[in-house]
1. What are the residue pairs meeting all of these: first residue in region 12-36, first residue farther than 18 Å from Glu46 by Cβ, second residue open to solvent by less than 60 Å² (accessible area, probe 1.4 Å) and not in a helix (DSSP H, G or I), Cβ atoms under 7 Å, and 6 or more apart or on different chains?
2. Starting from residues that are open to solvent by less than 60 Å² (accessible area, probe 1.4 Å) and within 20 Å of Asp2 (Cβ to Cβ), keep the ones in region 33-51 and report whichever is nearest to the chain's Cα centre (by Cα).
3. What is the number of the single condition among (1) open to solvent by 60 Å² or more (accessible area, probe 1.4 Å); (2) free of Cβ contacts under 8 Å to residues at least 12 places away in the same chain that Ala8 does not meet?
4. For region 18-32, which positions are surrounded by 13 or more Cβ atoms within 10 Å (Cβ to Cβ) and either under 12 Å from the mean Cα position of the chain (by Cα) or at pLDDT below 95 (or both)?
5. Would you be able to say whether some residue in region 6-17 is of a type in the set (Ser, Thr, Tyr), part of a helix (DSSP H, G or I) and under 13 Å from the mean Cα position of the chain (by Cα)?
Amino acid sequence: MDNSHVSALQLKHAGIERQIHEELSRPIPDAVVVQSLKKRKLRIKEEIARF
């Protein structure tokens, strides 16, 4: 894989981190949404680690 793919994955990872933070900042965060976002973030992190 090339560096641009890794950069794109890092941007996605950061975007998901932002979404998690926004959801947790809500008065009543949706635990299902947070869990789903964390799983997506972990999958991306694992894919980045392969490179």
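The values are calculated or read from the model by the stated rules, or taken from the named source; none is laboratory data. Everything numeric here is computed off the predicted structure, so don't read it as measured data. With ideal geometry, Cβ positions are generated from the backbone for all residues, glycine too; neighbour counts draw on all protein chains shown. Surface areas here come from the heavy atoms of the whole protein model, side chains and all, with no ligands, DNA or RNA. Shrake-Rupley method; radii C 1.70, N 1.55, O 1.52, S 1.80 Å.
1. If the second residue must be open to solvent by less than 60 Å² (accessible area, probe 1.4 Å) and not in a helix (DSSP H, G or I), the pairs left are Glu23/Pro29.
2. Step by step, filter region 33-51, then rank; the result is Ile44.
3. Of everything listed in (1) open to solvent by 60 Å² or more (accessible area, probe 1.4 Å); (2) free of Cβ contacts under 8 Å to residues at least 12 places away in the same chain, Ala8 misses just condition (1).
4. Gln19, Ile20
5. no
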